[in-house]
Amino acid sequence: ATQYGIDKALKELDIHAENHGTSFSQNFYGQGKMISSYSPVDGQLIGKVSQTTAEDYEKVIQEAEKGFKEWRKWTAPQRGEVVRQFNDELRRLKAPLGKLVSYEMGKSYQEGLGEVQEMIDICDFAVGLSRQLYGLTMHSERPGHRMYEQWHPLGVVGIISAFNFPVAVWSWNTALAWVCGDACIWKGSEKTPLTSVACQKIAARIFEQNNVPHGISSLITGDYTVGEMMTSDERIPLISATGSIRMGKVVAQAVAKRLGKSLLELGGNNAIIITPDADIKNTVIGAVFGAVGTCGQRCTSTRRLIIHESVYDEVKHAITDAYKQIKIGNPLDENNHMGPLIDKDSVANYLNALKSVKEEGGNILVEGGVLEGKGYESGCYVKPAIAEAENHFKIVQEETFAPILYLIKYKGDLSEAINVHNDVVQGLSSAIMTNNLREAEQFLSAEGSDCGIANVNIGTSGAEIGGAFGGEKETGGGRESGSDAWKIYMRRQTNTINYTSELPLAQGIKFDL
Ligand code: UN1
């Protein structure tokens, strides 16, 4: 690790061996049991944080509520100015933060930098937004009346994020929620606690310099029991949660029970349809990056290729050939394409999936397996695998968070491929590779892809922050990041103002006294 400058990065981010995991300001505290963070890169202990206890949480929520009451009085451009300064700090610390993401989570350093770039981009977006947050004006049916709507800060927002994008997903939520005037409490993944601590330190420092009230950025740490403190808490009007479908169903029910709002970003089972008119060279790049990037642990990772029979063999050979070039190893070494899985549980899931696909009659084209020996001591490095399979296989219907790609053949026209494509419970990201205008438009039409994201001639992963990010069906329906995703972080108020000396009723109702 020292060789790749991890010690220096930790120092620049002010991360020590023991950082308490609860904070509503620059001061970390907490008495809970210690969680150790081991790097999947080399198996080394990076540091420890304490799990948030019920008592710790109570301090955080009370401070957040108190802070919100002040923060909502700041103008949105004033709040935007704080986000702008926070972003300057992210730009300055891009390299060390990208490195820590790579070391604690295991994605390639380039992808770690890319993730911090997403934070920078959403902050820029949020700063611009702080002078917008537009509401509509309407024409009243009554004379001498003005009608319009305005957007007010919502309150305390609870953010639950996953290990795979340990910093960007937090920023998609917070950058918007902060300019909207909300206080944010973040439970990062207990698998990547130090990246959370690093982010909280940056925010708390900039906030303190600007006299932002305490509790506008808070951090809590731990397993699902800590998440439950927020989901069941009626003081939190919005819970934004990213993770598995199983987790999302639990969160959604807990929040709905108290009539709170939830924004859910759950599993994907993303496919690329490859038609007879596809550009094969670009298809290979898009599909391989989509399948092995982040070691197959993006919610947008490519899991299925649905290939027309006329180009099936050509695509199959091109992809299997490309897999031979993939270098697996320390993700901080920029010669490698693919780092480790997050932990050994994840390796076990990967192995089980490979076993299942064989049992269900799949044909393994590129054999997977766990890597051993020098450089692979953490036990988390695996080979990316490819299997020929059928869409209805139980294992193909599931999201396995690992680099396993399924090849599925279609014979008829594009409608058949779209049927196969949509025949899964998830609906996050999708793509078609074709130079045929009719096919591309059919895929994007109401009868086409049923996903929240549908691309033409690019892969399924690597969305830009400017669009709304999220998906349909069991992906949960939430939208984060760009477009008008900010609206969920605010409450809408419709105002009607009568400036006459009469009091006419709407709908022409007569009521004389
Ligand atoms: C995720 O995997 O949770 O579109 C987010 C992408 C990234 C974000 C992925 N911009 O692949």
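Observations on the model:
- Within the stretch 471-484, the set of residues being without any contact (Cβ under 8 Å) to a residue 60 or more places away in the chain and not in a loop (DSSP other than H, G, I, E, B) comprises Glu472, Lys473.
- Going through (1) of a type in the set (Gly, Ala, Ser); (2) surrounded by 14 or more Cβ atoms within 10 Å (Cβ to Cβ); (3) away from the ligand (no atom under 14 Å from the Cβ) one by one, Ser501 falls short only on (2).
- Pairing residues of the stretch 247-269 that are of a type in the set (D, E, K, R) with residues that are within 13 Å of the ligand (Cβ to nearest atom) and assigned to a helix (DSSP H, G or I), at Cβ distances under 8 Å and at least 6 apart in sequence or on separate chains, gives Glu265/Val169.
- Residues of the stretch 471-487 satisfying the condition of being within 23 Å of Leu405 (Cα to Cα) and within 9 Å of the ligand (Cβ to nearest atom): none
- Considering each residue of the stretch 393-401 in turn, at least one proves to be within 16 Å of the ligand (Cβ to nearest atom), in contact with a helix residue (DSSP H, G or I) (Cβ under 6 Å, 6 or more places away or on another chain) and at pLDDT 95 or above.
- Filtered residue count, the stretch 414-442, keeping only those that are surrounded by fewer than 17 Cβ atoms within 10 Å (Cβ to Cβ) and either more than 12 Å from Ile273 (Cα to Cα) or within 16 Å of the ligand (Cβ to nearest atom) (or both): 7
- Residue list for the stretch 245-260, filter: among the aliphatic types (A, V, I, L, M) and surrounded by 22 or more Cβ atoms within 10 Å (Cβ to Cβ): Val251, Val255
- Scanning the stretch 261-291 for residues that are more than 15 Å from the ligand (Cβ to nearest atom) and among the charged types (D, E, K, R), we see that the one that is surrounded by the fewest Cβ atoms within 10 Å (Cβ to Cβ) is Lys281.
- Per the listing Trp170, Trp186, the residue uniquely under 14 Å from the mean Cα position of the chain (by Cα), free of Cβ contacts under 8 Å to residues at least 60 places away in the same chain, over 16 Å from Gly80 (Cβ atoms) and assigned to a helix (DSSP H, G or I) is Trp170.
One line per residue, one yes/no per condition, for (1) away from the ligand (no atom under 16 Å from the Cβ); (2) at pLDDT below 95; (3) in a helix (DSSP H, G or I):
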| residue | (1), (2), (3) |
| --- | --- |
| Gly43 | yes, no, no |
| Trp74 | yes, no, no |
| Gln78 | yes, no, yes |
| Val82 | yes, no, yes |
| Gln85 | yes, no, yes |
| Pro96 | yes, no, yes |
| Leu100 | yes, no, yes |
| Glu118 | no, no, yes |
| Gly135 | yes, no, no |
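- All positions within the stretch 367-388 that are surrounded by fewer than 19 Cβ atoms within 10 Å (Cβ to Cβ) and assigned to a strand (DSSP E or B): Gly369, Val370, Lys383, Glu388
- Tally, over the stretch 443-470, of residues that are within 16 Å of the ligand (Cβ to nearest atom), within 22 Å of Gly243 (Cα to Cα) and in a loop (DSSP other than H, G, I, E, B): 12
- Residue selected from the stretch 228-244 under the condition part of a helix (DSSP H, G or I) and crowded, with 22+ Cβ neighbours inside 10 Å, by the criterion farthest from the ligand (Cβ to nearest atom): Met229
- Residue check for Asn495: in contact (Cβ under 8 Å) with a residue 40 or more places away in the chain and surrounded by fewer than 18 Cβ atoms within 10 Å (Cβ to Cβ): yes
- Candidates are the residues of the stretch 332-355 that are assigned to a helix (DSSP H, G or I) and touching a strand residue (DSSP E or B) at 6+ places or on another chain (Cβ under 8 Å); the one that is farthest from Ile386 (Cα to Cα) is Val347.
The values are calculated or read from the model by the stated rules, or taken from the named source; none is laboratory data. The shown structure was predicted, so the numbers you read here are calculated from the model rather than taken from an experiment. Because the Cβ atoms are built from the backbone with ideal geometry, glycine has one as well, and the counts that use them run over all protein chains shown.
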